[in-house]
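Comments concern the structure below.
The values are calculated or read from the model by the stated rules, or taken from the named source; none is laboratory data. Because the structure is a prediction, the values reported are computed rather than measured. Using ideal geometry, Cβ is built from the backbone for each residue, glycine included, and neighbour counts are taken over all protein chains shown. Accessible surface is based on the protein model in full, side chains and every heavy atom, while ligands, DNA and RNA are left aside. Shrake-Rupley method; radii C 1.70, N 1.55, O 1.52, S 1.80 Å.
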Amino acid sequence: MARDQVLPSEIQETALLQLLANSLVLSQTAPYLSCYDVLNLAATSRAFRFLIYHTPQVFRRLDLGNVKTAQFDSDAVDRGGQTWRNVQLDETLTEDDFYSRPLRGIFSNLRRHDILRDVQVLTLDGLSVTAELIHDILIDPAFSVRILSIRNVKNLNERKLQKTLQYACRESRPEGTPRLKGLYVFGSKDPVPEAAPQESSRSPSPTSPAAVAAAWNTRSQQTLTASLIEDPEAWYSRRGNQFPCRINPDWASTLVACDGIIAFDSVLCTSPRHINSLAWGKVKLDVLKAAGSPASALIPHFNVATHSLGGCEGCGSAPEGFTVWGEDIYPEERDTEGRRSSHTSMADIGRFPLLPPPPMHSSTLSAAMCPTGQAVRHRLSYLRKGNENKARFIPRCFDCIRDRYCAGCNKWWCETCYVGAFAGSSSGHAGLNSGDHPPVLKSCWECGMNCKDCIESTQRMCTRCGGGYCLIHNEGSDMISCDCKPFFSV
């Protein structure tokens, strides 16, 4: 057969059908396809339709973020025109019905085709999602969602969502509820891969098996490319601030209420200033307050962690220690065969954050929490010696590291190594390391608090005007002068 010839469509269809009839191949391939591609494949023939609609693994992971019919047209409301006024004519239509109408229509179609009950990992990033819709996902028996992603959604009332989650996790809840075990809500939605350029030459029909196979090859190449250039993994590899936007402090009480029941893409701060910390009571808060540590007396009992830190620059650790993947909080609670008790297993929910993106081939929390290169099921890190192979981090909120964290290089100093700027002063409270100078200072408003090394590498004195300037944020400057105009004598 010549190279420019292609196999007949009947042979291609038969070969592809035999390949996908293997449930392992189909379950590993389907998560990388969009809903549009899966439905196109089902529309090619009755055999493909039966295979797609009668295999639960195909729709186990459903991403509606790129579905056109799921998008909410906000311009129709902002125009102040006919669309909103016509909708208001219906007195029975509520605000939730209006904003969640696209998604509710999709869920209705999925329920009619008996697909909705197979969805266990649901991604609604960037769509119009209301708190009432999430409430229905939690309590409606038609849903079987275990992991839900609602990052960067629109029209979401966070206060109502918090109350919904707290009510779902109440002590008097029915047994086996809620079915939801993981919620992505704080981070940013995953970047969309660039679309492949379309060929100008004649191509097969979009619903033919050849076109579907070509789309699979393209998406496989995009996935491989993205995996090779992906950013460092959140929390365990990427240090510093983990979220682009500020988190409402009210979320802390929700994380406390859902502890051991629903996991989030963040955890509670483990600083010794919070009562949930293992180091609570080990650090004297009155000494920190007397030493000038800011907001030491105003920090709430609980707070959501926003920063991932490594070891302290002074001692290499922290008063509360590291959060280590696979390490037990209660190592003594094991049976004779070394298996962890249910209490210890529930402690993981709330201690380890969900890592983006949501898992592709599983709907378990272990897969969503497990860092790259670590074991998902067999937690044997408590038997390992040394820390070189352990995935670990220290979760802190910004209030607890405000005066001891460098925003430039992510260095920080714990409460043991640095007490405060006025440690050992005449207030009568002796600091642990009295007489220490502040490890971080603010020399540039845009840079924030920086350590001595970062200040030396970014700050200069202008040889023209004698003023200080930042090499990063002073546009038009160089290594010897800022952007000031040179003075010429007449």
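Kindly flag which residue pairs out of 289/442; 154/189; 282/452 have an alpha-carbon separation exceeding 24 Å in this structure.
Exceeds cut-off: 282/452.
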Karplus (6.51, -1.76, 1.60) ³J(HN,Hα), θ = phi - 60°, over region 25-30, in Hz, Gly and Pro reported as x: 5, 5, 5, 7, 9, 4
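Sorted by accessible area (1.4 Å probe), largest first, how do 267, 153 line up? Before the final figure, lay out the partial values.
On the way: 267 0, 153 30 Å².
Descending order: 153, 267.
For a quick protection proxy, order the peptides 97-103, 19-25, 237-243, 305-311 by their average other-Cβ count within 10 Å, most packed first.
Most protected by this proxy first, the peptides run 305-311, 97-103, 237-243, 19-25.
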Accessible area of residue 452 in the full protein assembly, 1.4 Å probe (Å², nearest 10): 140
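Can you tell me which of 459-468, 136-145 comes out highest on packing, and rank the rest after it, using the mean Cβ neighbours within 10 Å? Present the calculation step by step, with values, prior to reporting the outcome.
Values: 459-468: 13.6, 136-145: 17.0.
Highest to lowest by the protection proxy: 136-145, 459-468.
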Amide H contacts under 5 Å for residue 317, placed H, 5+ residues apart: 312
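Sort 72, 352, 398 by heavy-atom solvent-accessible area, probe 1.4 angstrom, most to least.
Details: 72 30, 352 0, 398 90 Å².
If we order 72, 352, 398 from most to least accessible, we get 398, 72, 352.
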Amide proton proximity set for residue 409, modelled H, under 5 Å, gap of 5+: 451
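Rounded, prolate or oblate for region 231-326? Axes are the square roots of the Cα gyration tensor eigenvalues, ordered a ≥ b ≥ c, and the cut-off for rounded is a/c under 1.5. Spell out each step's value before the answer.
Numbers: a/c = 1.58, a/b = 1.21, b/c = 1.30.
Here region 231-326 falls in the oblate category.
Roughly speaking, to the nearest percent, how much of region 88-181's 1.4 Å accessible area is carbon and sulfur? Show your work: numbers first, answer last.
Numbers: 2170 of 4710 Å².
It is 46 percent, rounded to a whole number.
Would you mind classifying region 22-73 by shape? Square roots of the alpha carbon gyration tensor eigenvalues, ordered a ≥ b ≥ c; an a/c under 1.5 is rounded, otherwise it is prolate if a/b is larger than b/c and oblate if not.
Because a/c hits 1.5 or more and a/b fails to exceed b/c, region 22-73 counts as oblate.
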